[in-house]
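> The structure that follows is given in the form of C-alpha cells.
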Amino acid sequence: MTLDAVHPEHEKTMRARAALIGCCAILTLNACQADQTTQAAPDERPQLTFGRVPPSRRAPRFVATATNAVAGNAVLFFARSEDGSLGAPIAFPTGGTGSGGGLGNQSGIALDAYAQHLYVVNAGSHTISVFAVQSAGLVLEQTIASGGTQPISLAVSDDLLYVLNDGGVANISGFHVRGNGSLDPIANSTRPLTADVPDAAQIGFDRRERRLIVTEKATNNIVTFRLDQRDRPEAPIVTASSGATPFGFYVSERRGDLIVSEAFGDAANASAVSSYKLRRGVPQTITASAPTTESAACWIALSGDEKFVYTSNTASNTISGFALGQDGSLELLDADGVTAATGRGPIDLATRDGLDFLYSLDRVGGQVSFYYITADGALRPLGVAGGVPTSANGLVVF
C-alpha cells in the first residue's frame, strides 16, 4: 500500500485487466488502477447493534490495516485512544501472502458485529485469515482457501461471510461463521460474475433484503444476488451504474440506501457519488452521479449517525463529504469538493456506528490520517500515525 512469477495464461489475463480501471493510489493519475503483479451443536450468532455493544462483548478500541506484503501478509493493529489518536502499530502475521501492490478494492479487512473476530484477505496465497480480537491484540485462529483466485473483498453478516475473488475467472464464494469465528465453506455457494474479468471492487450485504451486492468497474455494473434458504446465491440481478467505474459502496442498515463511489476512469476532476434505494435487489436511483469535483473517488464511508457520506479522492489527496438526506439524496458539503486534505494516495476510509472519528489509509504516504466529525459534517484534522507500508490494503476501526 514485489513481484511474483506469473503463469503465462494468468499473465495474459492480468494484462487485459491492467487496461481496465481499478482504484488504488499510486503516484500517477492512474490512482484507481488495480495492481498488475498479483496472481488461496448450534452456535450463538452475533447481531448488529448500531454501537450498543453489551459490555461483556466489548473489544479494545483499535484501528487495523493489512500490509499486503508478498513476503508475508500481516495485520497492523493500532491501539486507539478515546480522543481518536493511535498508538504505534503492532504486526500480526496472517499466515498468508499479499500482492505487494494495489488491489482495486474496498473491504479487504472485515470485523464481525462485536469486533470479536477480524477477517483479512491474502491476495497472493488465495486465502482468508481469521483472528480473535483480544485485549492485547490479535490471535490467528484459521487460514482457509478463499474458493477462488486473488480474494480482494469480504462481507460479514451474522453467521455468514462472503468473499469476492477477482483473479482468474472472478467469482464470489460463501462461508458459514461458527460461534468461535472459524469459517466453514458453504457447498455450492460459488458463483461467477457478469464477466470473467469484470475488475470487481467490493462485495457487501444488504441485510434488509438478504442480498449480496458486488460492484464491477470494467462492466460498469452493480450486481445483486438474493440468498436462498441454504445461504447460497440465486440468479444475479444486473443493474447499470449511474456513473462510470462504480467502486466502493456502503449500505445504510437503517434505511436501505446504497451509496456508491464512481471513479469515472480516473478522469481529472470527474469523480462522483450516487445514491440508490434498494428494492427487491434492484438499485433505484435517488441521486445520480453527484460530482465531487475531484479525481478518482474510490472508497466510501458513512458517519456513525448516517447523516454524512465521505469518499476518498485518491488522485487529488482529498476527502469529499456529502449530506445524506432522509430521502437518500446527496448534497456536497463543500463547493470545491474538499472536506479534508489527506496524505498522498488516500484509499480506504473507516468509521462505525457511535463513533465521531473518521480514519483514512493514505497508502502512498505510508500513514493513517484521522479526523473528528463535527455536527455539521466537517472533518477536523487530529493527526496521523505512520509505520504503514505502501502495499497496505483495507481499514477497519472499533
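> What 222 nm value per residue comes from the helices of the chain, counting each DSSP H run with n ≥ 4 as -39,500 (n - 2.57) and dividing by all residues, nearest 500 deg cm²/dmol?
Calculated at 222 nm, the ellipticity per residue is -1000 deg cm²/dmol.
> Now for a different question. Can you tell which of Leu164, Thr215, Phe205 lies farthest toward the positive end of the dipole of region 145-219, using +1 and -1 charges on the Cβ of basic and acidic side chains (Lys, Arg; Asp, Glu)?
With unit charges placed on the Cβ atoms, the residue in question is Phe205.
> Roll a 1.4 Å probe over the protein heavy atoms and report the accessible area of Arg344 in Å², nearest 10.
Accessible area, nearest 10 Å²: 120 Å².
> DSSP loop (so not H, G, I, E, B), at most 15 other Cβ within 10 Å: list which GluC sites (Glu not before Pro) in region 218-320 pass both filters.
Of the GluC sites (Glu not before Pro), the ones in loops of region 218-320 whose Cβ has at most 15 other Cβ atoms within 10 Å are Glu234.
> Right, something else. Roughly how compact is the chain, stated as its Cα Rg over 2.2 N^0.38 Å to two decimals?
So the chain has a normalised radius of gyration of 0.87.
> Over the heavy atoms of Ser295, what accessible area does a 1.4 Å probe trace out, to the nearest 10 Å²?
About 10 Å², ignoring ligands and nucleic acids.
> Here is a further query. How large is the dipole of the chain about the Cα centre if only Lys and Arg carry +1 and Asp and Glu carry -1, each at its Cβ, rounded to the nearest 20 debye?
460
> Okay, moving on. Any chance you could look up the accessible area of Thr143 with a 1.4 Å probe, heavy atoms only, rounded to 10 Å²?
Approximately 60 Å² for this residue.
> Just how large is the dipole of region 222-327 about the Cα centre, in debye to the nearest 20, putting +1 at every Lys and Arg Cβ and -1 at every Asp and Glu Cβ?
Approximately 340 debye in magnitude.
> Then there's this: What is the local net charge at Leu76, summed over the other residues whose Cβ is closer than 14 Å to its Cβ (Lys, Arg +1; Asp, Glu -1)?
Combined, the nearby Lys, Arg, Asp and Glu give 0.
> At what distance in angstrom do the alpha carbon centres of region 300-366 and region 106-125 lie from each other?
Centre-to-centre (Cα) distance: 21 Å.
> Hey, got a sec? Which trypsin sites (Lys or Arg not before Pro) in region 255-336 land in a DSSP loop and have at most 11 other Cβ atoms within 10 Å?
Here the trypsin sites (Lys or Arg not before Pro) that fit, given the DSSP loop and packing criteria, are Arg280.
> Along the Cα→Cβ direction, 7 angstrom out, place labels at Ala288 and Ala240. What is the inter-label distance in nm?
1.0
> Just to make sure I understand: if all protein chains stay in place, what is the order of Asp334, Asp327 by accessible area at 1.4 Å, largest first?
The residues order as Asp327, Asp334, largest area first.
> Could you work out how much longer the chain between Arg280 and Ala335 gets when fully extended? Use 0.36 nm per residue separation minus the Cα distance between them, nm to one decimal.
Full extension of this stretch gives 16.3 nm more.
> Which order do Val397, Val139 take by accessible area at a 1.4 Å probe, largest first?
Val139, Val397
> Would any residue of region 341-371 have its amide N under 13 Å from a label point 7 Å out along Cα→Cβ of Arg380? List them or say none.
Under 13 Å, as judged by backbone N against the label point of Arg380, lie 356-358, 371 of region 341-371.
> For Val388, what charge total do you get from the other residues with a beta carbon under 9 Å from its beta carbon, if Lys and Arg give +1 and Asp and Glu give -1?
Overall, the nearby charge balance is 0.
> With Cβ to Cβ distances under 10 Å as the rule, what net charge do the other residues near Glu234 carry (K, R +1; D, E -1)?
Computed value for this residue: +3.
The values are calculated or read from the model by the stated rules, or taken from the named source; none is laboratory data. No experiment lies behind these values; they were computed from the predicted model shown. So basically every Cβ, Gly included, is an ideal-geometry build from the backbone, and we count neighbours across all protein chains shown. These area figures cover heavy atoms from the full protein model, side chains too; ligands, DNA and RNA do not enter into them. Shrake-Rupley method; radii C 1.70, N 1.55, O 1.52, S 1.80 Å.
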